[in-house]
Amino acid sequence: MAVATLNPLAVVYREEQNFDWRVYLLVALSEALAGSTLGWIYQSKGNPLLGGGLAGLAISLGALAAIALPMLLVVGLLRMTTEVTPTDVRIWFGWIPTYRRFVGIGMIRKIEVVSFRPIADHGGWGIRSGRDGERVLDARGNRGVRLELSDGSKLLIGSQKPEALARAIEAALRPGG
């Protein structure tokens, strides 16, 4: 009896990027502010949940959200991973991926290494859309690879090693590559 197995595709290129340290500092400061505000509320008014009512519950839930949301942001979005396999280009954000984009190698018509101005061109880093409708996936820096796809859309993938990323995609595009 033969057992069929699915072998995972070999990853020919992988890049992991963290956002700029200032983003993490901003998250840490917001966590400290939320925690100190919660401490102040409990110290000055006692435990709002024990003392009462809907107002206390609202304050406690608001404080919990203020503490939890920045951590969810860090875990869910503030890391970008790019992989190239023989069949597709994969980009996702987060240690626990919350946003994923897969582009089939056969959909790529053109590859171009580019420099750009993240704030001026598309309003910063992250998951963005440029003014011309181009989809932008970028964690840091000002360089990347622009893909023109067979449906006419464009995708800009930010990279600290755009030349290596472009070479990996070009190799995957070649027959037998």
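Only the coordinates and a few stated rules stand behind these numbers; no lab work does. Model, not experiment: these values are computed from the prediction. Counting neighbours? That spans all protein chains shown, and the Cβs are built from the backbone with ideal geometry, glycine included.
What the table shows:
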| read-out | value |
| --- | --- |
| Which numbered condition residue 152 misses (of (1) surrounded by 12 or more Cβ atoms within 10 Å (Cβ to Cβ); (2) farther than 25 Å from residue 23 by Cβ; (3) not aliphatic (A, V, I, L, M)) | (1) |
| Hits in the range 96-115 (condition: surrounded by 13 or more Cβ atoms within 10 Å (Cβ to Cβ) and not in a strand (DSSP E or B)) | 97, 98, 105, 107 |
| Every pair of residues 6+ apart whose Cβ atoms lie under 7 Å, when the first sits in the range 91-117 and is within 13 Å of residue 157 (Cα to Cα) while the second is of a type in the set (S, T, N, Q) and part of a strand (DSSP E or B) | 91/82; 92/81 |
| Matching residues in the range 143-177 - criterion: being assigned to a loop (DSSP other than H, G, I, E, B), in contact with a helix residue (DSSP H, G or I) (Cβ under 6 Å, 6 or more places away or on another chain) and either touching a residue at least 60 places away in the same chain (Cβ under 8 Å) or within 23 Å of residue 118 (Cβ to Cβ) (or both) | 159, 177 |
| Scan of the range 81-95 for residues that are outside any strand (DSSP E or B) and buried (at least 18 other Cβ atoms within 10 Å of the Cβ), ordered by number | 85, 94 |
| Scope the range 10-38; condition among the acidic types (Asp, Glu), surrounded by 13 or more Cβ atoms within 10 Å (Cβ to Cβ) and closer than 30 Å to residue 83 by Cα; matching residues | 15, 20 |
| Any hit, the range 115-126, residues being in contact with a strand residue (DSSP E or B) (Cβ under 6 Å, 6 or more places away or on another chain) and closer than 15 Å to residue 91 by Cβ | yes |
| Unmet requirement for residue 124, which otherwise passes all of (1) in contact with a Pro (Cβ under 7 Å, 6 or more places away or on another chain); (2) under 21 Å from residue 10 (Cβ atoms) | (2) |
